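Let me begin by presenting the structure, written as C-alpha cells, before commenting on it.
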Amino acid sequence: THGDTHPCHAQTLLIYGFYLLNISEIDMSVRVYRKCLDIFLNTLGDCNLKTACARQALGLALFIQGYNQYNFPEALWQIEKSTQILEALLNSKHVFIAASWRLKALLLEGLAANTDDEQVAKEHLKQAKKLYWSCVKMSREIVGEMTVQTARYYEHVGKVYRVLGKYGKAEDCLVRAEFIMNHVLEEGSHESIGVTVHLATLYAFNLEKEKTAERLFLRCLRSLREIQGVGVDDFIEMCYRGLLRVTQTRPDDQTRYLQWYTDWRDRADEAAAGSSTRRDDFNSLETLLDFVSKELKQNTRQRQTSR
C-alpha cells in the first residue's frame, strides 16, 4: 500500500478536498488541499501538472474562504503560479489554462468589490471581463458552444457587465448562459439555477421586469429545496430578497414571502447548529488524514481479498 506521503495519497486528498468544498466545509477543504500540495511539491516538484492543479484547487478554496472579507492575496498568488506552470507545460489552447484565467478573473472581481477607488475597481473589472471573454472564445473552440463550461463563462461575463452598469449586455450574456444550461442539463440542476437566479436578480433590481423576475425566483426556490452544496443558501437568500424587492407595491404578497423567508431562515439555523457535531469529528487535520488513510488501506485489503 502507498504511504501518506505518496502522490497517490495526494491525489485522493485532491478529490476529498473537492468533496469538502461542495458540502460547504471550506476551512477543512483548504487544509486538505494544503496537505495535498505539500505532498506533490515534495515528490513531483513545482513544475508538474498535478502540482499546478493542486495550486489551482487551493486557490479556489482560498478564494471562497476569504470571500466575505475580500482577503485574496494568497489565493491570487496560487492561481497565478498555477497559470504560469500550465502555460509552460501545455499548449496555448487548453481547458486547464482557461480554468486558471477564470479563477484569476473571479479574484479581480473580489478585489474590485473591496476597493473604494472607483477607477481601480473599474480597471479590475475590465481585466476580469477580458479574461472571461478569452475563456468564452477558448471554450467555444475546444468543446463547443452548447456546453456547461461555455455557459459558465457567459454567466461570468454577464455578471461583470451588470456591475459595470451595462445591463443590456448583461442580460444578453445571462440569457445565453441560461439557454445553454437548460439545453444540456436536467431542469432544476444546481448549475442552471445559479444562472437563473442571477438573471432574475438583474430583472428585479436593474431592468424593472418585476413579473418575469418573480416567476424566475419562485421557479428557482422550488428546485433549490432538493439541492445541497456550495452557494445553495446564498441562492435561496437572493431569491427571497428579490421577491421582497419585486413586491414592494403589493404588501400582501410581500408579507407572505417574508414569512416564507423567516421560516426558511429558522430551519437553516437549526440545520447549521446540528452540523457542528460533524465538524467536531474532524477537529484536526491529523484526525482527518488518519481517517482517510485507514479508509484507503481498508479498501486496498478488500480488493486484494477479492482477487
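How many residues are open to solvent by 40 Å² or more (accessible area, probe 1.4 Å) and touching a residue at least 12 places away in the same chain (Cβ under 8 Å) if we restrict to the range 13-37?
9
All but one of (1) over 27 Å from GLU25 (Cβ atoms); (2) open to solvent by 50 Å² or more (accessible area, probe 1.4 Å); (3) modelled with pLDDT of 55 or more hold for ARG303, so report the exception by its number.
(3)
Does ALA52 fit the bill of being in contact (Cβ under 8 Å) with a residue 24 or more places away in the chain, surrounded by 22 or more Cβ atoms within 10 Å (Cβ to Cβ) and within 27 Å of ALA177 (Cα to Cα)?
Considered against the rule, which asks whether it is in contact (Cβ under 8 Å) with a residue 24 or more places away in the chain, surrounded by 22 or more Cβ atoms within 10 Å (Cβ to Cβ) and within 27 Å of ALA177 (Cα to Cα), ALA52 comes out as no.
Look at the range 52-92 and say how many of its residues are of a type in the set (S, T, N, Q) and not in a helix (DSSP H, G or I).
Going through the range 52-92 one residue at a time, the tally reaches 5.
Name, by its number, the condition in (1) part of a loop (DSSP other than H, G, I, E, B); (2) open to solvent by less than 70 Å² (accessible area, probe 1.4 Å); (3) touching a Gly at 6+ places or on another chain (Cβ under 7 Å) that does not hold for ASP46.
Of the numbered conditions (1) part of a loop (DSSP other than H, G, I, E, B); (2) open to solvent by less than 70 Å² (accessible area, probe 1.4 Å); (3) touching a Gly at 6+ places or on another chain (Cβ under 7 Å), the odd one out for ASP46 is (3).
I'd like to verify a number: residues in the range 215-267 that are of a type in the set (Val, Ile, Thr) and either open to solvent by less than 20 Å² (accessible area, probe 1.4 Å) or closer than 27 Å to GLU186 by Cβ (or both), how many?
6
From GLU178, GLU208, grab the single residue that is open to solvent by 20 Å² or more (accessible area, probe 1.4 Å) and on the phi > 0 side of the Ramachandran plot.
Selected residue: GLU208, the only one of GLU178, GLU208 that is open to solvent by 20 Å² or more (accessible area, probe 1.4 Å) and on the phi > 0 side of the Ramachandran plot.
If you check every pair at least six apart or on different chains, which have Cβ atoms under 9 Å apart with a residue in the range 120-142 that is over 16 Å from LYS169 (Cα atoms) first and a residue that is of a type in the set (S, T, N, Q) and in a helix (DSSP H, G or I) second?
These pairs meet every condition: CYS135/GLN149; CYS135/THR150; SER139/GLN149; SER139/THR150; ARG140/THR150; ILE142/GLN149.
Check the range 118-138 and report whether any residue there is outside any helix (DSSP H, G or I), surrounded by fewer than 21 Cβ atoms within 10 Å (Cβ to Cβ) and acidic (Asp, Glu).
No, the range 118-138 has no match at all.
The values are calculated or read from the model by the stated rules, or taken from the named source; none is laboratory data. A quick note: this is a predicted structure, and the numbers were derived from the prediction, not measured. Note that each Cβ is placed from the backbone with ideal geometry, even for glycine, and that neighbours are counted across all protein chains shown. The protein model used for the area step is the full one, side chains on, heavy atoms only, and it has no ligands, DNA or RNA in it. Shrake-Rupley method; radii C 1.70, N 1.55, O 1.52, S 1.80 Å.
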